[in-house]
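Bear in mind that the values in this text are calculations on the coordinates, not laboratory data. All figures in this text were calculated on a predicted structure; none of them were measured in a lab. When we count neighbours, we look across all protein chains shown, and the Cβ atoms used for this are built from the backbone with ideal geometry, even at glycine.
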């Protein structure tokens, strides 16, 4: 009996210290969720995609999400808003801007009992803060297949914000997808050094159209690129939300950012005390329904439609990535050998265009 008691005590001790018994991070009390946004929920792109996620959270958990919009990427200002929410009892705070990263890390350290998540952020602490983003390049590869099949001039154009890894992979994946169905394709890419400027986006799109592009893709939020293409009876590809309404005739597809799967799943884990934030952040894609195509044109040959679905399925199952080798850069130098693929670190550091793209990649600092 004494031996049994000793064994029982040892078993309880092992359960206590066992990694499997670690419950993860959780919150006390009812869910109180706040969302801090760099734009409005009606901006027609990035903000609207998060607005859709906010609605999904409210419906899933039966709560009202408090939202502060148009918050600049100023660490002091963001931290002030977080402080106010914490004082009011909010225990889950979500942001949607790279420029909020430092403020969220500071707040997560100061308020260890509060859960923090930040879209496109770069700070994580494996305790109560996780940055998250989507594998947008997966959707852009599929969109490229559509564009490559529809172009008549074999010239595509794409406008984008800044030469960052998470932008460069969209441009390169779009080209890779187009090349998969049309090896003769050429893609001209332009960086505008802004995340939103409807005038600049329209002007750049018009310039690409004048150079012979008959498909214009935007990696930004404004509808200007689609409007420019529609006026000339050319094709267009949207981003972040379904942009069909801006180009009802020429819209081929939009690459959708679907934040709800990650957010609702994470909030469920937080509520259950089972959240274990990754030291690298969360990086999800087609396999969770977080990246998708919307408003896909019905005017596609059956064989192309079948190939797109086959590629989508292979990506979802982890059997294929848009950056499987062999892969050459713009200068013809091999960056990925046959049989190999880029890992996540190489994706985030991508600072080159792939072969076939016309444009200048700014030098890395």
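Things to note:
- Computed from the C-beta positions of residue 184 and residue 265 and an R0 of 45 Å, the FRET efficiency is 0.60 to the nearest 0.05.
- Distance between segment 266-341 and segment 26-83 - C-alpha centres, whole angstrom: 26 Å
- Label-to-label distance, nm, for residues given as residue 84 and residue 324 (7 Å Cα→Cβ offset): 5.1 nm
- Degrees between helix 302-316 axis and first principal axis of the chain (Cα, 0 to 90, nearest 10): 30 degrees
- For segment 306-355: rounded, prolate or oblate by the Cα gyration tensor [a/c cutoff 1.5]: prolate
- Result for the chain in a Gaussian network model with C-alpha springs under 10 Å: among 43, 344, 303, the largest mean-square fluctuation is at 303.
- Separation in nanometres of the label points that stand 7 Å from Cα toward Cβ, at residue 314 and residue 109: 4.6 nm
- Normalised by the number of residues in segment 183-328, the average gap of Cα pairs under 8 Å and 6 or more apart makes the relative contact order 15 percent.
- Taking a ≥ b ≥ c as the square roots of the eigenvalues of the alpha-carbon gyration tensor, segment 282-365 is classed prolate because a/c is 1.5 or more and a/b outweighs b/c.
- Segment 75-153: relative contact order in percent, alpha carbon pairs under 8 Å with at least 6 residues between: 24 percent
- What separates the Cα centres of segment 160-200 and segment 134-159 is a distance of 9 Å.
- Mean Cα-pair separation over length for the chain, i.e. relative contact order, pairs under 8 Å, 6 or more apart, %: 18 percent
- Once the Cα-Cα distance is subtracted from the 0.36 nm per residue extended length, the residue 203 to residue 164 segment shows a gain of 11.8 nm.
- Given the choices (1) 22.4; (2) 20.6; (3) 25.6, mean projected area of the Cα convex hull in nm² derived from the coordinates of this structure is entry (1).
- The calculated FRET efficiency for residue 102 paired with residue 231, based on their beta-carbon distance and R0 = 56 Å, is about 0.85.
- Compared with the dominant principal axis of the Cα atoms in the chain, helix 101-110 is inclined by about 0°.
- Between residue 343 and residue 63, the distance separating the two model label sites (each 7 Å from Cα on the Cα→Cβ line) works out to 3.6 nm.
- For the chain, calculated [θ]222 nm from helices alone, where every DSSP H run of n ≥ 4 adds -39500 (n - 2.57): -12000 deg cm²/dmol
- Fraction of beta bridges assigned by DSSP in the chain that are antiparallel (%, nearest 5): 20 percent
- Rounded to the nearest 10 degrees, the angle from helix 75-87 to the longest Cα principal axis of the chain is 40 degrees.
- In terms of packing, defined here as the mean over residues of other Cβ atoms within 10 angstrom, the peptides 128-134, 160-166, 108-114 line up highest first as 128-134, 160-166, 108-114.
- With a Förster radius of 45 Å applied to the C-beta separation of residue 125 and residue 302, the computed FRET efficiency comes to 0.35.
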